[in-house]
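Worksheet: the structure to be examined is printed underneath.
The values are calculated or read from the model by the stated rules, or taken from the named source; none is laboratory data. Just so we're clear, the structure is a prediction, and the values are computed from it rather than from any experiment. Ideal geometry is used to build each Cβ from the backbone, glycine not excepted, and the neighbour counts take in all protein chains shown. Each accessible area value is taken on the protein alone, full model and side chains, heavy atoms only, with ligands, DNA and RNA left out. Shrake-Rupley method; radii C 1.70, N 1.55, O 1.52, S 1.80 Å.
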Amino acid sequence: MEQIQMVDLRSQYLKIKDEIDAAIHEVIDTTAFIKGPAVADFEKALQKYTGVKHAIGCANGTDALQIALMALGVKPGDEVIVPTFTFIATAEVIALLQLKPVFVDVYADTFTMIPEQIEEAITQNSKVIIPVHLYGQCADMQAILEIADRHNLFIVEDAAQAIGSEYVFSDGTVRQAGCIGHIGCTSFFPSKNLGAFGDGGALFTNSDLYAEKIRSIINHGSKVKYFHEEIGVNSRLDTLQAAILNVKLKYLDEYAKARQEAAMYFISIPLKLMPVNVKHLKISFH
Ligand SMILES: Cc1ncc(COP(=O)(O)O)c(C=O)c1O
């Protein structure tokens with residue numbers, strides 16, 4: 001019996017093996033392992049794909065969230081409003097920076113945060129809202145933007161599971177997940193919509209100011225080599241991963257379509273026809 005993978009990374013690779021192998025070999029041949037040209041190429045392609053002004057690669061989606069909060073200059077004790085239902089990384093980085101997570105519930109159908117509960121959770125210490133776009137489904141960004149605007153709060157979108165998803169505003173404006181708030185974050189964990197061959201992540205922003213700050217924090221708080229103006233982290237996107245992602249980005253819409261078709265197939269199977277272990281399936285969230 002053939003085991004069906006949740007994401008079949010092997011056949012995904014075999015379909016574009018020649019392109020991927022060539023991209024990997026180019027990095028090896030040039031030995032441009034750190035901050036090689038493939039990183040800038042991928043960031044440019046990502047900007048074009050998402051329509052955002054700045055796309056900045058980093059080491060993983062968890063770091064992206066941490067760096068976004070650091071770039072906004074929040075201080076220990078500041079409150080960050082997050083959904084109760086997400087992968088741990090969203091709340092983990094809040095705790096790591098000694099900020100206070102304030103949890104709000106999610107809708108039972110979309111698993112995204114309930115805007116009315118955000119409003120109730122706001123105090124004088126609130127600084128940031130982190131909407132999480134889960135399973136490719138966007139949070140109610142129109143309502144969240146309106147609340148953030150009224151209370152002067154930052155929005156950091158967690159789009160780790162939603163790169164390529166589109167949010168449609170009531171006036172018909174369409175924006176990509178992660179490119180709506182002050183800063184957006186995504187993950188290139190191998191099983192994500194756009195998966196690397198290891199860890200990877202990116203931050204999105206339309207602000208030149210935040211982009212400059214993010215680029216510095218990612219690289220040990222440095223803009224000029226060996227000059228360190230602030231405390232940062234080492235979280236550059238690996239050049240090999242960037243080269244691979246640059247190839248796979250071209251196929252992202254195709255991958256998303258295949259996932260949607262698989263989901264529709266499973267939804268269309270009447271529950272009574274499913275094998276017992278599928279009926280009692282517990283969903284895992286990574
Ligand atoms: C919603 C969410 N946020 C953040 C992350 C963290 O991303 P990474 O695994 O790249 O650190 C993930 C990945 O699993 C995620 O699903």
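Pairing residues of the stretch 168-192 that are on the phi > 0 side of the Ramachandran plot with residues that are among the aromatic types (Phe, Trp, Tyr), at Cβ distances under 6 Å and at least 6 apart in sequence or on separate chains, gives Gly178/Phe204.
Yes/no per residue for (1) touching a Phe, Trp or Tyr at 6+ places or on another chain (Cβ under 9 Å); (2) exposed (fewer than 14 other Cβ atoms within 10 Å of the Cβ); (3) not in a helix (DSSP H, G or I):
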residue	(1), (2), (3)
Ala196	yes, no, yes
Ser216	no, no, no
Ile231	no, yes, yes
Gln241	yes, no, no
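Helices (runs of 4 or more DSSP H) fully within the stretch 22-99 that include at least 1 residues being under 24 Å from His151 (Cβ atoms) and without any contact (Cβ under 8 Å) to a residue 60 or more places away in the chain: 89-96. Which residue is nearest to Leu96 (Cα to Cα), if the candidates are limited to the stretch 243-268 and must be of a type in the set (S, T, N, Q) and open to solvent by 70 Å² or more (accessible area, probe 1.4 Å)? Once the filter is applied, the top-ranked residue is Gln260. Only residues that are in a loop (DSSP other than H, G, I, E, B) and either buried (at least 17 other Cβ atoms within 10 Å of the Cβ) or within 16 Å of the ligand (Cβ to nearest atom) (or both) were counted in the stretch 111-134, giving 7. Every condition in (1) modelled with pLDDT under 95; (2) open to solvent by less than 30 Å² (accessible area, probe 1.4 Å) holds for Lys223 except the one numbered (2).
Looking only at residues of the stretch 63-78 that are more than 14 Å from the ligand (Cβ to nearest atom) and buried (at least 20 other Cβ atoms within 10 Å of the Cβ), we find that the one that is farthest from the chain's Cα centre (by Cα) is Val74. Do the conditions hold for Ala95, that is, is it under 20 Å from the mean Cα position of the chain (by Cα) and open to solvent by 40 Å² or more (accessible area, probe 1.4 Å)? Yes. Each residue in the stretch 135-194 was checked for being more than 11 Å from the ligand (Cβ to nearest atom), open to solvent by 30 Å² or more (accessible area, probe 1.4 Å), assigned to a loop (DSSP other than H, G, I, E, B) and of a type in the set (S, T, N, Q), and 4 of them qualify. Is the stretch 139-155 home to any residue that is closer than 16 Å to Val102 by Cα and of a type in the set (S, T, N, Q)? Scanning the stretch 139-155, I find no residue that is closer than 16 Å to Val102 by Cα and of a type in the set (S, T, N, Q), so the answer is no. Of all residues in the stretch 198-214, exactly one satisfies the criterion of being open to solvent by 70 Å² or more (accessible area, probe 1.4 Å) and within 16 Å of the ligand (Cβ to nearest atom), namely Asp199. Consider the stretch 1-21 and keep the residues that are assigned to a loop (DSSP other than H, G, I, E, B) and of a type outside the set (A, V, I, L, M). The one that is nearest to the chain's Cα centre (by Cα) is Asp8. Residues that are open to solvent by less than 40 Å² (accessible area, probe 1.4 Å), charged (D, E, K, R) and closer than 22 Å to Tyr210 by Cβ within the stretch 16-62 comprise just one, Glu43.
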